[in-house]
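A quick write-up on the structure given underneath.
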Amino acid sequence: MPIAPTDLLRFLTAVHPYDALDRETLEALLPAFRPQAMAADQEIYRLGEPLEGLYLIHSGAVEVRDQNGAQISLLGPRNSFGERGLTRDGLAATSARTREDSLLLVLPKADFLRLVDTQPAAKKFFDRQRAPKPKRADLATSRVETLMAPAPLTCPPDTPVQFAAQLMHSRHISSVCITEGKVLRGIATIRDISGKVVGGALPYDTPLSEIMTADPLTLPPSAIGSDVLHMMMERRIGHVPVTEGGKLVGIVTQTDLTRFQAMTSAELVSEIARAPDAQAMARVTARIPQLLVQLVAGGNRHEVVTRLITDIADTATRRLLALAEDQLGAPPVPYLWAACGSQGRQEQTGVSDQDNVLILSDEVTEEHMPYFEALANFVCDGLNTCGYVYCPGDMMATNPRWCQPLRVWRQYFDRWITKPDNEAQMLASVMFDLRPIGGTTALFENLQEDTLARAAKNSIFVAHMISNSLKHTPPLGLLRGFATIRSGEHKNQLDMKHNGVVPVVDLGRVYALQGQLAQVNTRARLEAAMTAGVLSQSGGQSLIDAYDLIAETRLEHQAARIKAGGAPDNYLAPADLSDFERSHLRDAFVVVKSLQSAVGHGKGMLT
């Protein structure tokens, strides 16, 4: 079925990355595309066969299956497939079959590789390896939107100066923006009030319009931090409103610049380590969202961001343990405070509750238990004050079940391994992520080693853990590409936690179990599994690439929420992503689903 060049050109200009090519390059590429009409339920290629080229769906639907025969995607018009094999060994990594009458456009392998080699937009689109990012955020590389306060104090022009001053005092800020609607008209600072009102003996009911600096200098959110600094130094001002399309969207002050340059995870750790109580620590942990924004804006990889944020939680926990011992006295017997969940894996983001346990020396007696109950309450209450909210599932040391002697913990793990019912699978999954935080770490070392050895040798338990790891699946839909939440508050959004990172976390835990690997961090588990031969090099690298993209997309979403003045969450609307971002995120989910299928079929490795 031939396609007229003008029709093909019109179609390609609506498909990424071809829409990014210049007209001359795109027109030169048109003759290379070969139309291929296929009836419904017709095989396009099989797994392991040489690929003719890149396939682009003009109309119809194509089903793609992995090496185990599991469907990993159902593609519609404007979707490409086959590129993964072309960029590796030229052999199909999946199988493909039409689901309905379809018209495919085939770009031969040589033309596809030439396109990728010569056109940066195509290379970026088809290359899953993301470009390296800068290692450190500074004013020369950070946009104003990452520095600004997104909700500045505003008042209308006729507001009395005294009322505005009271508002500034109550919010501990030094300026007010004067607006009409959302349009910025001026700015007034504490210096204006002290110099013009107090110094000039003006009445306190003088309207702001009489003392404000009208039509102040502004910058857009897309400006960089150095622009703010240079403007402040040249014009001798301390406040720069941020506007977009004439409307006020934020403000940057000298304090913001100083805080940005000074704020690091090390600074927060230092302040928490010296904090006298939980309330003082809470004032420090309240700055974690802005730290997350700064770290993401600086291009730090997701495992670096989450590690630094988790370090802060670890420090807060140890400081609370020290404060508890100061109040309660020395512990009667040795104990270990351990974290599980995201803190245990060192993967905390801007949204984290607390998951922790107490492992006590076998020397503990009933007379000692009130001490540890008080210790657990003190620390868990303090963590909640600091923003690490109580665990909804009561997986905390305040629960007597999770505050037990070492011998009881050994019995727990033994029972979960020998009788892996649904509850045992869930609890084992949580407890395999334990990491010592404070106390006597020797209580944990043999426990972890012995448990891994016993669990790996029990094939029934391993099978149950594999089954449990497949309960969370990537959000792959049919023609729309994604399976979004169908109803409720987060309708039409993706859950980037439970359907994004959790499937990879679960796979990493299974690989660690199979290889008896001591690592707890997910990315470290995947790397160790590759080294140990539990996971093939090609499959492991594909999974790590997919995990990196999913985890970084989640963090970028949280940072965007914070910058917009909201609270970070895990719910992402696909509509907020570009075609490019949606395509690559979907590819990442396909890789994860392929690995789940391999594990589910007892293969464990993706070849």
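Things to note:
A quick yes/no check of all residues on (1) closer than 18 Å to ALA297 by Cβ; (2) among the polar types (S, T, N, Q); (3) over 14 Å from the mean Cα position of the chain (by Cα):
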| site | (1), (2), (3) |
| --- | --- |
| GLN541 | no, yes, yes |
| ILE544 | no, no, yes |
| ALA551 | yes, no, no |
| ARG561 | yes, no, no |
| HIS584 | no, no, yes |
| GLN596 | no, yes, yes |
| VAL599 | no, no, yes |
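- Note on segment 559-584: residues that are free of Cβ contacts under 8 Å to residues at least 60 places away in the same chain and under 17 Å from GLY500 (Cα atoms) amount to 3.
- Index of the failed condition, GLN294 passing every other in (1) closer than 25 Å to SER222 by Cα; (2) without any contact (Cβ under 8 Å) to a residue 60 or more places away in the chain; (3) of a type in the set (S, T, N, Q): (2)
- Evaluation of LEU139 against the conditions (1) under 22 Å from LEU229 (Cα atoms); (2) at pLDDT 85 or above; (3) of a type in the set (A, V, I, L, M, F, W, C); (4) over 22 Å from the mean Cα position of the chain (by Cα) shows that the sole unmet condition is (2).
- Pairs where the first residue, in segment 366-391, is within 18 Å of GLN348 (Cα to Cα) and without any contact (Cβ under 8 Å) to a residue 24 or more places away in the chain and the second is open to solvent by 40 Å² or more (accessible area, probe 1.4 Å) and assigned to a helix (DSSP H, G or I), C-beta under 6 Å, 6+ apart: none
- Listed by first and then second residue, the pairs linking a residue in segment 148-171 that is touching a residue at least 12 places away in the same chain (Cβ under 8 Å) and in a helix (DSSP H, G or I) to a residue that is β-branched (Val, Ile, Thr) and open to solvent by 40 Å² or more (accessible area, probe 1.4 Å), with Cβ atoms under 9 Å apart and 6 or more places separating them unless they lie on different chains, are ALA165/ILE190; LEU167/ILE173; MET168/ILE190.
- Residues that are farther than 15 Å from THR218 by Cβ and in contact with a helix residue (DSSP H, G or I) (Cβ under 8 Å, 6 or more places away or on another chain), drawn from segment 177-187: none
Condition check ((1) hydrophobic (A, V, I, L, M, F, W, C); (2) under 31 Å from the mean Cα position of the chain (by Cα)) across all residues:
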{"site": "ILE312", "(1), (2)": "yes, yes"}
{"site": "THR315", "(1), (2)": "no, yes"}
{"site": "ASP326", "(1), (2)": "no, no"}
{"site": "GLY329", "(1), (2)": "no, no"}
{"site": "LEU336", "(1), (2)": "yes, yes"}
{"site": "GLY341", "(1), (2)": "no, yes"}
{"site": "GLY344", "(1), (2)": "no, yes"}
{"site": "ASP353", "(1), (2)": "no, yes"}
{"site": "SER361", "(1), (2)": "no, no"}
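- Looking across segment 395-416 at every residue that is part of a helix (DSSP H, G or I) and open to solvent by less than 50 Å² (accessible area, probe 1.4 Å), the one that is farthest from ALA455 (Cα to Cα) is identified as TRP402.
- Matching residues, segment 375-409, being closer than 14 Å to VAL357 by Cα and either among the basic types (Lys, Arg) or touching a Lys or Arg at 6+ places or on another chain (Cβ under 8 Å) (or both): ARG401
- From ASP117, ASP101, residue being at pLDDT 90 or above, of a type in the set (D, E, K, R) and open to solvent by 90 Å² or more (accessible area, probe 1.4 Å): ASP101
- Here GLY195 meets the list (1) free of Cβ contacts under 8 Å to residues at least 12 places away in the same chain; (2) open to solvent by 60 Å² or more (accessible area, probe 1.4 Å) almost entirely, failing just condition (2).
- Pairs where the first residue, in segment 91-115, is closer than 13 Å to TYR45 by Cα and the second is part of a helix (DSSP H, G or I) and open to solvent by less than 10 Å² (accessible area, probe 1.4 Å), C-beta under 7 Å, 6+ apart: LEU91/GLY85; ALA92/GLY85; ALA93/GLY85
- Residue tally, condition in contact with a Gly (Cβ under 6 Å, 6 or more places away or on another chain) and at pLDDT below 90, over segment 218-258: 1
- Some residue of segment 346-366 being assigned to a helix (DSSP H, G or I) and either over 27 Å from ARG307 (Cα atoms) or open to solvent by 30 Å² or more (accessible area, probe 1.4 Å) (or both): yes
- Counting only helices (runs of 4 or more DSSP H) wholly contained in segment 429-539, the ones carrying 1 or more residues that are without any contact (Cβ under 8 Å) to a residue 40 or more places away in the chain and open to solvent by 30 Å² or more (accessible area, probe 1.4 Å) occupy 442-457, 459-469, 522-532.
- Looking only at residues in segment 172-188 that are in a loop (DSSP other than H, G, I, E, B) and at pLDDT 90 or above, the one that is least open to solvent (accessible area, probe 1.4 Å) is SER174.
- Filter result for PRO392 (farther than 21 Å from LEU447 by Cβ and either open to solvent by 50 Å² or more (accessible area, probe 1.4 Å) or among the basic types (Lys, Arg) (or both)): yes
- Residue within segment 560-583 that is in a helix (DSSP H, G or I), open to solvent by less than 10 Å² (accessible area, probe 1.4 Å) and modelled with pLDDT of 90 or more present: no
The values are calculated or read from the model by the stated rules, or taken from the named source; none is laboratory data. Values in this document were obtained by computation on a predicted structure and should not be read as measured data. Using ideal geometry, Cβ is built from the backbone for each residue, glycine included, and neighbour counts are taken over all protein chains shown. Heads up: the accessible areas ignore ligands, DNA and RNA and are worked out on the full protein's heavy atoms, side chains in. Shrake-Rupley method; radii C 1.70, N 1.55, O 1.52, S 1.80 Å.
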